[in-house]
1. How many of the residues making up the range A:187-225 are farther than 30 Å from A:Gly21 by Cα and surrounded by fewer than 20 Cβ atoms within 10 Å (Cβ to Cβ)?
2. I'm told A:Gly72 meets every condition in (1) within 14 Å of chain B (Cβ to nearest Cβ); (2) among the small types (Gly, Ala, Ser); (3) more than 25 Å from A:Leu48 (Cβ to Cβ) except one. Can you identify the failing condition by its number?
3. Kindly evaluate B:Ala86 against the criterion of being assigned by TED's automatic domain parsing to the domain that holds B:Val33, among the aliphatic types (A, V, I, L, M) and within 28 Å of B:Asn238 (Cα to Cα).
4. Among the residues of the range B:188-226, how many are surrounded by 21 or more Cβ atoms within 10 Å (Cβ to Cβ), over 22 Å from A:Trp118 (Cα atoms) and of a type in the set (Gly, Ala, Ser)?
5. Tell me yes or no: at least one residue of the range A:215-228 is outside any helix (DSSP H, G or I), over 23 Å from A:Trp118 (Cα atoms) and out of contact with any His (no Cβ under 7 Å at 6 or more places or on another chain).
6. Select, from A:Thr58, A:Thr91, the only residue that is more than 10 Å from chain B (Cβ to nearest Cβ), outside any loop (DSSP other than H, G, I, E, B) and modelled with pLDDT of 95 or more.
7. Checking B:Glu106 against (1) touching a residue at least 60 places away in the same chain (Cβ under 8 Å); (2) more than 10 Å from chain A (Cβ to nearest Cβ), which test does it fail?
Amino acid sequence: MQGLGSSGKCGSCGWIGSSIGRKQLIGITGVGLSLFVLIHMLENMLILVGARPYNEYTHFLTSNPLIYLAEGGLLAIFLLHVIFALAISWTNCKARDSRYAVASNGPKGTSMVQRSLWAQGLLILVFLILHLISFKYGAEYSVDYGPGPIRDMHKLVVEVFHQPAYVVWYVVALIVLGFHLSHGVGSSFQTVGLHHPRYQKCIRALSVSYALIVALGFITEPLYVYFIHRG
Amino acid sequence: MAEAKGMNLSLKIWRQAGPQAPGSFLEHQAKGVTPDMSFLEMLDVVNEELIRSGKQPVEFDHDCREGICGACSMVINGNPHGPQQATTTCQLHMRHFKDGDAIVIEPFRARAFPIVKDLVVDRSAFDRIQGAGGYISANTGAAQDANAILVGKKESDRAFASATCIGCGACVAACKNASAALFVSAKLSHLALLPQGQVEREERVVNMVAQMDAERFGACTNTGACSASCPVEISLENIARMNRDYAKASLKRR
């Protein structure tokens with residue numbers, strides 16, 4: 001009998017070429033992006049404190065020279081996540097060449113959230129591009145609190161979130177992000193190999209509550225601006 | 001007696017003459033089905049009627065009809081092995097259906113499991129994955145004294161739970177990506193959890209995963225549909241172990 005080492009099938013493709021390696025890359029970059037959205041959401045909460053802290057914090061972030069390093073890293077993580085997720089979704093789609101006539105609706109079935117992860121991802125991608133156009137590359141208002149003029153991000157945010165259509169689109173996109181996270185956060189544990197019968201319920205609860213906190217936090221901002229902050 | 005009259009069921013069964021032939025659903029009637037029949041016995045009755053009337057019987061895989069061989073493979077109303085959990089199609093009894101039910105019966109669908117005829121699919125991809133490393137080839141010499149290598153009860157139970165995989169392919173059939181992760185991880189785990197499997201543990205995971213990918217199964221999205229459909233309830237913990245071992249083996253590879 002041949003020894004295992006002599007089969008010669010393994011060396012050619014490597015970790016990144018394998019289905020498991022790709023999933024692990026998607027999982028790890030997903031965790032990075034999850035941490036980013038949590039921090040971003042917490043920063044957005046400054047809108048509840050007032051215009052000045054909101055603008056001063058924005059200035060603190062954007063005037064820091066490290067911002068380019070952080071943005072570059074974030075972009076790289078994001079692109080890896082999107083490109084490998086699309087590639088693996090395509091492979092997965094091709095792995096079944098004929099469709100079932102009936103889908104299971106019992107425990108043997110798969111939820112709509114899990115079936116549509118790729119579509120959620122694409123919607124989030126579109127949202128992200130529009131989001132950057134609206135805010136990062138949006139109107140440049142300025143305000144002066146003393147040490148010199150800085151960007152009045154607060155004014156722009158208030159202006160944008162007074163458009164009802166934009167608020168609806170923003171809320172829908174963030175609900176989709178919530179669904180994406182509710183699967184992704186827990187799934188990334190399993191993908192990198194962290195599974196233990198004692199902790200499974202905790203991981204699931206963490207995943208769902210993380211998604212809820214991030215989505216509800218983000219949604220708070222446009223709803224607060226639209227319904228409460230009329231000034 | 002109600003059983004004597006039996007149930008009448010209308011079946012929509014996938015009929016396909018051969019691997020390249022186009023397939024479609026055909027309506028068949030199952031008459032006089034008793035609750036104690038297994039699903040396969042119900043199909044036997046349908047086939048006898050088809051043969052009597054000079055038609056082609058419905059081809060389906062079956063062997064032991066005791067739930068241990070893993071030969072039976074069909075998707076019943078969207079569920080691999082039918083609606084009951086921890087049950088193979090041969091052990092699924094007609095008492096779970098009622099008179100007048102419409103039942104859609106399809107083959108396991110996956111590109112790696114090409115349809116041979118009707119409900120019969122070619123699952124030899126599993127054999128090739130198994131052949132890529134699902135064994136122990138280290139020379140262990142003569143048989144050792146009993147208890148020379150100590151194996152804890154819990155470890156041996158977990159290894160046995162993984163070893164109960166009958167290789168039926170329901171996991172692939174249930175998965176939205178037609179992923180073989182549950183099967184491959186069960187075959188890896190039952191060796192990885194025992195001392196005998198340690199020597200080749202890393203090469204085994206790399207080789208079997210490479211073969212799994214070469215057979216063009218999809219990747220795992222961790223939906224859990226595989227484990228829910230598994231007649232022997234193989235746990236998702238096996239997939240995590242495979243993922244962990246694969247990452248470790250890939251990092252350490254020279």
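The values are calculated or read from the model by the stated rules, or taken from the named source; none is laboratory data. If you're wondering where the values come from, they're calculated on a predicted model, not measured in any experiment. Positions of Cβ are backbone-derived with ideal geometry, glycine not excepted, and every protein chain shown enters the neighbour counts.
1. Of the residues in the range A:187-225, 5 are farther than 30 Å from A:Gly21 by Cα and surrounded by fewer than 20 Cβ atoms within 10 Å (Cβ to Cβ).
2. Result: A:Gly72 fails condition (1) only.
3. Here the answer is yes, as B:Ala86 does meet what is asked.
4. Of the residues in the range B:188-226, 3 are surrounded by 21 or more Cβ atoms within 10 Å (Cβ to Cβ), over 22 Å from A:Trp118 (Cα atoms) and of a type in the set (Gly, Ala, Ser).
5. no
6. Testing whether each residue is more than 10 Å from chain B (Cβ to nearest Cβ), outside any loop (DSSP other than H, G, I, E, B) and modelled with pLDDT of 95 or more leaves just A:Thr58.
7. Every condition holds for B:Glu106 apart from (2).
The rows are residues; the columns are (1) crowded, with 18+ Cβ neighbours inside 10 Å; (2) among the small types (Gly, Ala, Ser); (3) in the same structural domain as B:Asp245 (by TED's automatic domain parsing).
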| site | (1), (2), (3) |
| --- | --- |
| B:Ala143 | no, yes, yes |
| B:Asn147 | no, no, yes |
| B:Ala161 | yes, yes, yes |
| B:Cys168 | yes, no, yes |
| B:Ser179 | yes, yes, yes |
